[in-house]
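Beneath this line is the structure, given in structure tokens, with notes to follow.
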Amino acid sequence: MLPPYVVERLGLAIRGQRVAEYADGRKETVGVTEPLIIEIEGRDTLEEALVLGDEVIIGQTVLEKLGLFVDCINQRLVPNPAHPDQPVSKVK
């Protein structure tokens, strides 16, 4: 998720709408951006983002694509031990 001011600052186009459902059950139609490259710890992936809120939130799907785990105790991201050098895409 990206706040509107971040979307504007990055110059991203809004390419459509999605329904976002909040934890309390509320639903809201929000913009969705064109694809953007997200790079963390030297790893990157291509994603679209929902436009809402006032902070950048990176979800589990992005972290999985990047092959990163959250170490809550030490408040950091760590590479998947099975693939420490780079993310691996599973194909079935």
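Exactly one residue out of Gly67, Gly25, Gly11 is free of Cβ contacts under 8 Å to residues at least 60 places away in the same chain and surrounded by 11 or more Cβ atoms within 10 Å (Cβ to Cβ): that is Gly67. With the condition kept exactly as written, say whether any residue in the range 78-92 is in contact (Cβ under 8 Å) with a residue 40 or more places away in the chain and part of a strand (DSSP E or B). Taking every residue of the range 78-92 in turn, none turns out to be in contact (Cβ under 8 Å) with a residue 40 or more places away in the chain and part of a strand (DSSP E or B). Every condition in (1) outside any strand (DSSP E or B); (2) modelled with pLDDT under 95; (3) in contact with a helix residue (DSSP H, G or I) (Cβ under 9 Å, 6 or more places away or on another chain) is met by Phe69 except one, and the failing one is (1). Just one residue in the set Glu39, Glu8, Glu34, Glu28 is closer than 25 Å to Val70 by Cα and not basic (Lys, Arg); that residue is Glu39. When Tyr22 is tested against (1) modelled with pLDDT of 95 or more; (2) farther than 29 Å from Pro79 by Cα, just one condition goes unmet, and that condition is (1).
The values are calculated or read from the model by the stated rules, or taken from the named source; none is laboratory data. Predicted model only: the values in this text are computed from it and were never measured. Backbone-built Cβ (ideal geometry, glycine too); neighbour counts: all protein chains shown.
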